[in-house]
1. Below 8 Å, C-alpha to C-alpha, sequence gap of six or more: please give me the relative contact order for region 100-211 in percent.
2. For a quick size check, give me the Cα extents of region 40-97 along its three principal axes, largest first, whole Å.
3. Which percent, to the nearest 5, of DSSP beta bridges fully inside region 87-211 are antiparallel?
4. Using a Cα distance threshold of under 27 Å, what count of lysine pairs results for the chain when pairs must be 8 or more residues apart or interchain?
5. If you average 1/r over all unlike Cα pairs in region 35-155 and invert the result, what Kirkwood radius do you get in angstrom?
6. Can you give the relative contact order of the chain as a percent, counting alpha carbon pairs under 8 Å and 6+ residues apart?
7. If contacts are Cα pairs under 8 angstrom and at least 6 residues apart, what is the relative contact order of region 28-143 in percent?
8. Which net charge results for the neighbourhood of PHE60, defined as the other residues with beta-carbon distances under 10 angstrom from its beta-carbon, given Lys and Arg at +1 and Asp and Glu at -1?
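What follows draws every value from the coordinates through simple rules; no lab data is involved. The structure presented is a predicted model; accordingly, all values stated were derived computationally and were not measured. Positions of Cβ are backbone-derived with ideal geometry, glycine not excepted, and every protein chain shown enters the neighbour counts.
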Amino acid sequence: MDRDFWLEKWRINQIGFHEGTPNSLLTAHFAALRLKPGSRVFVPLCGKTRDLSWLRAQGFSVVGIDLSRKAIEQFFDEENISSVIAQCGRLERFDAGTVTLFAGDFFDLDAETLGPVAAIYDRAALIALPPPIRDRYAAHLVALTHAAPQLLVTLEYGQALQSGPPFSVPESDVHALYDTTYRLHEAKRRDVPGGLKGRCPAQEVAWLLAP
Ligand SMILES: C[S@@+](CC[C@H](N)C(=O)[O-])C[C@H]1O[C@@H](n2cnc3c(N)ncnc32)[C@H](O)[C@@H]1O
């Protein structure tokens with residue numbers, strides 16, 4: 001999955017991954033991270049997810065990044081928020097008080113540009129990436145955030161039955177990626193109603209990752 005794949009998805013508005021309401025695994029399990037009010041939460045590969053607004057409504061500030069400038073613009077338009085835009089190296093930074101979104105490549109973001117964060121919320125970020133890139137993604141995420149705790153939502157299904165994205169990231173892969181950094185706890189496992197795209201059985205898993 002290269003940049004052009006995702007930019008084209010946004011260009012033609014083929015964004016079936018976008019949920020119109022806050023993700024129910026987020027709303028059920030985020031409190032388990034026990035963050036202080038006002039904490040800053042990082043949402044990698046954020047698209048224009050409504051989860052950003054839910055987190056803000058809980059009193060957190062949010063910082064996200066997505067390759068697609070269109071996604072970032074649509075988030076601010078749809079939420080009726082005006083932002084101040086600045087160039088930040090290879091990234092563009094859209095700032096609006098308790099929400100800061102970067103347009104650009106996650107791998108171009110550094111810890112200083114990101115700033116301190118207390119937690120990570122990963123929904124449809126890790127599972128959007130093909131296996132060869134996942135090691136690099138996980139290592140960069142840990143380095144950027146100094147191993148901030150995470151709520152991670154993954155998907156499991158028979159990869160032979162269906163090609164990604166989204167990719168299946170089985171329990172063994174989550175352990176292989178994060179065991180050296182975090183203690184992992186499977187908070188919830190549930191069937192995806194109707195299976196993945198109606199084609200094969202699938203389960204969603206909410207993981208809590210604590211340093
Ligand atoms: C499956 S979507 C999930 C979006 C969002 N997390 C959600 O739940 O709606 C994956 C997103 O990752 C973005 N993306 C893919 N590769 C990226 C990269 N290297 N840097 C930043 N964003 C990337 C895509 O543009 C896309 O919006």
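1. Value for region 100-211: 28 percent.
2. 31, 21, 19
3. Looking only at bridges with both residues in region 87-211, the antiparallel portion is about 85 percent.
4. Lysine pairs meeting both conditions in the chain amount to 10.
5. Hydrodynamic radius (Kirkwood, Cα only) of region 35-155 equals 14.3 Å.
6. Details: 378 pairs, mean separation 37.3, N = 211.
That works out to 18 percent.
7. 28
8. Details: positive: LYS36, ARG40, ARG56; negative: none.
Taking every other residue near PHE60 into account, the sum is +3.
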